[in-house]
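S.K.: One structure is given below, represented as structure tokens, and several questions about it will come after.
The values are calculated or read from the model by the stated rules, or taken from the named source; none is laboratory data. Here the structure is a predicted model, which means the values were calculated and not measured. Cβ placement follows ideal geometry from the backbone for every residue including glycine, while neighbour counts extend to all protein chains displayed. Ligands, DNA and RNA are excluded from the accessible area calculation, which covers all protein heavy atoms including side chains. Shrake-Rupley method; radii C 1.70, N 1.55, O 1.52, S 1.80 Å.
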Amino acid sequence: MIRLLTAAFLAGFVAAGAPAAAGPPPDDALPLSEILRMIEERDDVHYFDEVEWDDDGYWEVEYYRRDGSEVEVEIDPVSGEPRT
């Protein structure tokens, strides 16, 4: 019985505290390959380190420039432009 109550409590706690997921990119989003190409054209990209879809509805992109500096940017999936 205690296990059942604990499991129910934890399930309710997680559900109440978890942010609502935005789901996948919207239907009118640009292809990710196009977004990465746009970033490469705007900046001196040496390589992409990490690309992740964020629950808030944008791409999080981390990359390194040829000078070794790291850049982290949030990209709007529809326009391909950095979020401000």
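S.K.: Amide H of HIS46: which non-local residues (sequence gap of 5 or more, or other chain) have their own amide H closer than 5 Å, using H built in the peptide plane?
M.R.: The list, which skips near neighbours in sequence, is TYR64, ARG65, ARG66.
S.K.: Also, quick follow-up: State, to one decimal in nm, how far the label point of GLU52 lies from the label point of VAL71, with both points 7 Å from Cα in the Cβ direction.
M.R.: 2.0 nm
S.K.: Tell me, what ³J(HN,Hα) does each residue in segment 44-59 have, in order and in whole Hz, if you take phi through Karplus 6.51 cos²θ - 1.76 cosθ + 1.60 with θ = phi - 60° and put x for Gly and Pro?
M.R.: Those phi angles translate into 7, 7, 8, 7, 8, 9, 8, 9, 9, 7, 8, 4, 7, x, 8, 8 Hz.
S.K.: Using each residue's phi in segment 66-73, evaluate 6.51 cos²θ - 1.76 cosθ + 1.60 at θ = phi - 60° and report the 3J(HN,Hα) Karplus result to the nearest Hz, with x for Gly and Pro.
M.R.: Each residue of segment 66-73 in turn: 5, 7, x, 6, 9, 10, 10, 9 Hz.
S.K.: Right, something else. Probe of 1.4 angstrom, ligands and nucleic acids ignored: what's the accessible area per residue over segment 35-84, in square angstrom?
M.R.: Roughly 63 Å² per residue, with all protein chains present.
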